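Notes follow the structure.
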Amino acid sequence: MTTFDDRENAFESKYAHDAEMAFKAAARRNKALGAWAAGLLGLTGDAVGAYQMAVITADFEEDGDEDVVRKLVKDLDGKATEAEIRAQMVAIMREVKAKMVSEG
């Protein structure tokens with residue numbers, strides 16, 4: 001193999017790894033966000049896990065975070081504003097990324 005082929009393979013591997021890490025980070029964020037929202041909704045026990053899965057699943061409707069935001073705004077009507085939801089998403093994502101980095 002040439003050096004160019006090696007570099008191309010390295011870039012492809014890095015892209016695949018970065019995409020996988022971004023997917024895992026979003027799923028972890030959504031799970032934590034679901035737990036936060038479940039607390040605001042007064043859910044307990046198995047209902048919390050079911051709600052977390054509903055938030056994770058909502059993220060598959062379209063690219064980006066807008067599908068999750070829409071779900072939470074609708075579900076948390078009056079319990080949290082859209083701005084609060086978005087701020088919580090950012091804060092949780094920061095925590096998730098820091099934890100993923102520390103895990104290696």
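The values are calculated or read from the model by the stated rules, or taken from the named source; none is laboratory data. Fair warning: this is a prediction, and the values are worked out from it, not measured in the lab. All Cβ positions, even for glycine, are placed from backbone atoms using ideal geometry, and neighbour counts span all protein chains on display. For the accessible areas, the whole protein counts, side chains as well, though only heavy atoms, and no ligand, DNA or RNA atoms are used. Shrake-Rupley method; radii C 1.70, N 1.55, O 1.52, S 1.80 Å.
Of everything listed in (1) more than 11 Å from the chain's Cα centre (by Cα); (2) open to solvent by less than 60 Å² (accessible area, probe 1.4 Å); (3) touching a residue at least 40 places away in the same chain (Cβ under 8 Å), the single unmet condition for residue 73 is (3).
Test residue 37 against the criterion of being surrounded by 16 or more Cβ atoms within 10 Å (Cβ to Cβ) and in contact (Cβ under 8 Å) with a residue 40 or more places away in the chain, and give yes or no.
Numbers: surrounded by 16 or more Cβ atoms within 10 Å (Cβ to Cβ): yes; in contact (Cβ under 8 Å) with a residue 40 or more places away in the chain: yes.
In short, yes.
Listed by position, the helices (runs of 4 or more DSSP H) inside region 35-104 whose residues that are closer than 16 Å to residue 23 by Cβ and of a type outside the set (A, V, I, L, M, F, W, C) number at least 3 are 82-103. Restricted to region 76-104, and to residues there that are within 19 Å of residue 24 (Cβ to Cβ) and among the small types (Gly, Ala, Ser), the residue that is least open to solvent (accessible area, probe 1.4 Å) is 91. For residues that are in contact with a helix residue (DSSP H, G or I) (Cβ under 8 Å, 6 or more places away or on another chain), open to solvent by less than 60 Å² (accessible area, probe 1.4 Å), under 21 Å from residue 90 (Cβ atoms) and free of Cβ contacts under 8 Å to residues at least 12 places away in the same chain, tally how many sit in region 40-69. Residues in region 40-69 being in contact with a helix residue (DSSP H, G or I) (Cβ under 8 Å, 6 or more places away or on another chain), open to solvent by less than 60 Å² (accessible area, probe 1.4 Å), under 21 Å from residue 90 (Cβ atoms) and free of Cβ contacts under 8 Å to residues at least 12 places away in the same chain: 1 in total. Among the conditions (1) modelled with pLDDT under 90; (2) open to solvent by less than 90 Å² (accessible area, probe 1.4 Å), the only one that residue 7 does not satisfy is (2). Residues in region 10-27 that are more than 17 Å from residue 67 (Cβ to Cβ) and surrounded by 11 or more Cβ atoms within 10 Å (Cβ to Cβ): 21, 24.
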